[in-house]
1. Taking residue 6, is it modelled with pLDDT of 95 or more and either within 22 Å of residue 136 (Cβ to Cβ) or in contact with a helix residue (DSSP H, G or I) (Cβ under 9 Å, 6 or more places away or on another chain) (or both)?
2. Name the pairs whose Cβ atoms lie under 6 Å apart, with the first residue in the stretch 16-28 and in contact (Cβ under 8 Å) with a residue 40 or more places away in the chain and among the aliphatic types (A, V, I, L, M), the second buried (at least 18 other Cβ atoms within 10 Å of the Cβ) and in a strand (DSSP E or B), and 6 or more positions between them or separate chains?
3. Looking at residue 32, is it buried (at least 21 other Cβ atoms within 10 Å of the Cβ), closer than 19 Å to residue 7 by Cα and either in contact with a strand residue (DSSP E or B) (Cβ under 7 Å, 6 or more places away or on another chain) or touching a residue at least 24 places away in the same chain (Cβ under 8 Å) (or both)?
4. Name the residue, out of 79, 120, that is in a strand (DSSP E or B) and modelled with pLDDT under 95.
5. Is it true that residue 53 is buried (at least 16 other Cβ atoms within 10 Å of the Cβ) and out of contact with any strand residue (DSSP E or B) (no Cβ under 8 Å at 6 or more places or on another chain)?
6. If the requirement is being over 13 Å from the mean Cα position of the chain (by Cα) and at pLDDT 95 or above, which of these qualifies: 62, 41?
7. Among the listed residues 33, 103, which satisfies the condition of being at negative phi, outside any loop (DSSP other than H, G, I, E, B) and at pLDDT 95 or above?
Amino acid sequence: MVMQENYMTLDEKKILTKTEEIVLLDDNIVYCRVLPGKLMSLEEGKVNIQAISKIANGKRVSVVVDIRESKGVTKECRKYFASKEVAEVQSACALIIESPFSRLIGNFFLGLNKPLFPTKLFNDEHEAINWLKQFG
C-alpha cells in the first residue's frame with residue numbers, strides 16, 4: 001500500500017481518494033464509485049482525475065462513475081470535468097444514476113457543461129460498461 005499526498009494506492013488496480021474508490025477493470029475501463037454523502041470540490045475532482053491517469057498508466061481510458069450515493073459536485077468541479085484536461089485522460093464517461101437526485105446531478109452536468117467526450121447516463125452498470133467498450 002502506497003500513500004500519496006492526496007490518495008492511497010491499495011494495489012496496482014485500486015486507488016482510494018477522499019471522495020472516490022477508483023478501480024481499473026478489463027477492457028481499458030476505469031470504475032469510479034463516489035463515496036456515500038460526498039460533495040466533490042474542484043481540488044478533489046483534480047485528485048480523482050490524477051488517480052485515474054495513474055491507475056491507467058497515463059493511457060486515455062473510458063470511465064464509469066457511480067454517482068448514486070453522491071451528495072453532488074461544485075460548479076467549478078463540473079466545469080473542470082468537462083475540460084480539455086480531463087478529455088486527455090477520459091475517452092468516454094458513463095454516469096451511473098439511480099435516484100431522481102442522482103439523475104438531476106447527471107442531467108445538470110450534461111446540460112450545463114458539455115463534456116468534450118461522449119457522456120451518457122445509465123441505471124445499469126453492465127449496460128454502461130458495454131456502451132463504453134466501443135471507445136476502448
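1. Considered against the rule, which asks whether it is modelled with pLDDT of 95 or more and either within 22 Å of residue 136 (Cβ to Cβ) or in contact with a helix residue (DSSP H, G or I) (Cβ under 9 Å, 6 or more places away or on another chain) (or both), residue 6 comes out as no.
2. 25/31
3. Working: buried (at least 21 other Cβ atoms within 10 Å of the Cβ): yes; closer than 19 Å to residue 7 by Cα: yes; either in contact with a strand residue (DSSP E or B) (Cβ under 7 Å, 6 or more places away or on another chain) or touching a residue at least 24 places away in the same chain (Cβ under 8 Å) (or both): yes.
Criteria met by residue 32.
4. Only one candidate qualifies: 120.
5. So residue 53 passes the test.
6. Values: 62 fails: over 13 Å from the mean Cα position of the chain (by Cα).
Exactly one residue qualifies, and that residue is 41.
7. 33
Every residue, every condition in (1) out of contact with any Gly (no Cβ under 6 Å at 6 or more places or on another chain); (2) within 23 Å of residue 8 (Cβ to Cβ); (3) of a type in the set (Lys, Arg), yes or no:
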{"position": "55", "(1), (2), (3)": "yes, yes, no"}
{"position": "71", "(1), (2), (3)": "no, yes, yes"}
{"position": "77", "(1), (2), (3)": "no, yes, no"}
{"position": "84", "(1), (2), (3)": "yes, no, yes"}
{"position": "114", "(1), (2), (3)": "yes, no, yes"}
{"position": "119", "(1), (2), (3)": "yes, no, no"}
{"position": "130", "(1), (2), (3)": "yes, no, no"}
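The values are calculated or read from the model by the stated rules, or taken from the named source; none is laboratory data. For clarity, every value in this text was computed on a predicted model and none was experimentally measured. In this analysis, Cβ positions are derived from the backbone assuming ideal geometry, glycine residues included, and neighbour counts consider all displayed protein chains.
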